[in-house]
Amino acid sequence: MDQENFVIEMRDITKEFGTFKANDQINLQIKRGEIHALLGENGAGKSTLMNVLSGLLQPTSGDIYMNGQKVAISSPTVANRLGIGMVHQHFMLVEAFTITENIILGNEPNRLGFLNRKKAEKEIKELSEKYGLSVNPDAYIRDISVGMQQRAEILKTLYRGADVLIFDEPTAVLTPQEIDELMEIMHSLVKEGKSIIIITHKLDEIKKVADRCTVIRRGKSIDTVNVKDVSSQQLADMMVGRAVSFKTEKKPAVPKEVVLSVENLVVNESRGLAAVKDLSLEVRAGEVLGIAGIDGNGQTELIQALTGLRKVESGKVFLNRDEITNHSARKITEAGVGHVPEDRHKYGLILEMTLAENIALQTYYQEPISNHGILDYPEMNQFARELIEEFDVRTTNELVPARALSGGNQQKAIIAREIHRDPDLLIVSQPTRGLDVGAIEYIHKRLIEQRNKDKAVLVVSFELDEILNVSDRIAVLHGGKIVGIVDPAQTSENELGLMMAGYSLEEAREELKKVEVGDSGE
């Protein structure tokens, strides 16, 4: 096929940061009116390549062609002028502005030097109707859902005349319903002649929405394939460079003594209303207890109360029979609790500090890292290097800021820090949020390893397949209460889904029986 048919062609793109090659002679060709997935592990170089295409970075070498013409994309403004728009993973929106104000920011229509708001609102209304992007143009960003914020971002690129839209991990923060809506929006965009590049590592989404897929591994382009001709397993193996297992191998659990015991716990959310209501549960040594539930049913408050980040209103928490209710976070940590928080940026890392400093966050005040109250940096850096090696954290060295690591490697660093302390109870919230199959496989293995060492593991996840894969027992949370505890081998996603919606175990089983009877009677 000759280059004239490609709306975008990137040839032999290399991008170096010092001695590190983030992109190494990558080739990428995008056809007009297609959805093209860019698949790769965390840190494979996908975002770097798209930052080159959108003008945020300049390539060290290589050329970019648009519709067969060579172009120099020296800045995002030039990219906009050429019709390339990027919807970033972390939205670039001003919270105190309305949707309209955000969309026109930097590109305001004016009449005799005055802002022509009416013209802007009319254009935004037409765009939103044309592409099925319903938004309230007067709503403030701070008051709308994440899915709605994303729509504002998409409209912002369309308003600037984008014909090629780049989506960077667009579903990382969306609910399942919002993901379905986004897929529909993408289909309506390409029907109107737009071309879409979607950066992702979620294989099911690629299978659902993409026409072709280019796989990048460690900075090199491996292959471009027609999505309908390959299986998810083949894509996963190409991305990681070896056979990947979606199912964690594990022997049956042999639970021992109770490590964590929670009795009649009541915890309030930020507005002072009860988020956890009279909840009791036990986690034993040598088992993984998974907590399933739709976001917002008390998971966050429960975990924060167990780890000393939120006050318990009433009820008791025991660790190895010692009460730890309302102890400080440090006291709870020192008593033998490890915590991998759900928001790694807010609670897990200090992004400006080095990777070595982040790995030392739980132990910096203890020997050998601290010597009579003075930090021993060579010791700290050596300790970090050992953990980076052991937990396969991919980084140029231990002195880069945590911010510079990909999400998967940030998560591995937190897990390394917590597991290395050898806690009796490991609490892990959203262990693989935003991670690729290789990192997911690795982290699941590590959790099972802890369980096999007779540690108690408590996992909270919104991903049902994850909960079913790693748990030995599953507690389903709805409205701050446990509606039932089930054995993963004897339940299904449908049964868990009904319980997550508030059905008791008995009611869920009755409901599923009715469906089965209906199906067989057809």
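Just one of the listed residues (ASN42, ASN102, ASN80) is open to solvent by less than 20 Å² (accessible area, probe 1.4 Å) and polar (S, T, N, Q), namely ASN102.
Is it the case that the stretch 57-75 has a residue that's surrounded by 15 or more Cβ atoms within 10 Å (Cβ to Cβ), modelled with pLDDT under 95 and closer than 25 Å to VAL146 by Cα? No, there is no match, as no residue in the stretch 57-75 is surrounded by 15 or more Cβ atoms within 10 Å (Cβ to Cβ), modelled with pLDDT under 95 and closer than 25 Å to VAL146 by Cα.
Take the stretch 342-385 and flag every residue that is without any contact (Cβ under 8 Å) to a residue 40 or more places away in the chain, of a type in the set (Val, Ile, Thr) and out of contact with any helix residue (DSSP H, G or I) (no Cβ under 6 Å at 6 or more places or on another chain). Listed by number, the list holds a single entry, ILE374. Within the stretch 245-259, none of the residues are polar (S, T, N, Q), open to solvent by less than 30 Å² (accessible area, probe 1.4 Å) and touching a strand residue (DSSP E or B) at 6+ places or on another chain (Cβ under 7 Å).
Of the residues GLN382, GLN411, GLN450, the single one that is open to solvent by less than 10 Å² (accessible area, probe 1.4 Å), over 28 Å from GLN89 (Cα atoms) and in a helix (DSSP H, G or I) is GLN450. Being hydrophobic (A, V, I, L, M, F, W, C), without any contact (Cβ under 8 Å) to a residue 12 or more places away in the chain and either open to solvent by 30 Å² or more (accessible area, probe 1.4 Å) or within 26 Å of ARG433 (Cα to Cα) (or both) is the requirement here; does LEU127 meet it? Spelling it out, it is not the case that LEU127 is hydrophobic (A, V, I, L, M, F, W, C), without any contact (Cβ under 8 Å) to a residue 12 or more places away in the chain and either open to solvent by 30 Å² or more (accessible area, probe 1.4 Å) or within 26 Å of ARG433 (Cα to Cα) (or both). For ASP392, the criteria (1) free of Cβ contacts under 8 Å to residues at least 24 places away in the same chain; (2) touching a Lys or Arg at 6+ places or on another chain (Cβ under 7 Å) hold in every case but one, which is (1). Identify, from the list GLY484, GLY502, the residue that is of a type outside the set (D, E, K, R) and outside any strand (DSSP E or B). On inspection, the qualifying residue turns out to be GLY502. TYR159 passes every criterion in (1) hydroxyl-bearing (Ser, Thr, Tyr); (2) in contact with a Lys or Arg (Cβ under 9 Å, 6 or more places away or on another chain); (3) surrounded by 13 or more Cβ atoms within 10 Å (Cβ to Cβ) apart from (2). Among the residues making up the stretch 264-312, those that are surrounded by fewer than 19 Cβ atoms within 10 Å (Cβ to Cβ) and on the phi > 0 side of the Ramachandran plot are ASN264, GLY272, ASP278, GLY296. Restricting the stretch 83-96 to residues that are in contact with a Leu (Cβ under 8 Å, 6 or more places away or on another chain) and open to solvent by less than 40 Å² (accessible area, probe 1.4 Å) leaves a set whose member that is nearest to ILE443 (Cα to Cα) is VAL87. Consider the stretch 418-434 and keep the residues that are open to solvent by less than 20 Å² (accessible area, probe 1.4 Å) and in a loop (DSSP other than H, G, I, E, B). The one that is farthest from SER471 (Cα to Cα) is PRO423. Here GLU398 clears all of (1) surrounded by fewer than 20 Cβ atoms within 10 Å (Cβ to Cβ); (2) of a type in the set (D, E, K, R); (3) free of Cβ contacts under 8 Å to residues at least 60 places away in the same chain except the condition numbered (1). Of the residues screened, ASN42 is not one that is assigned to a loop (DSSP other than H, G, I, E, B) and over 27 Å from VAL209 (Cβ atoms).
The values are calculated or read from the model by the stated rules, or taken from the named source; none is laboratory data. Every value quoted in this text rests on a predicted model; they were computed, and no experiment measured them. Positions of Cβ are generated from backbone atoms using ideal geometry, with glycine treated the same way; all protein chains shown enter the neighbour counts. The protein model used for the area step is the full one, side chains on, heavy atoms only, and it has no ligands, DNA or RNA in it. Shrake-Rupley method; radii C 1.70, N 1.55, O 1.52, S 1.80 Å.
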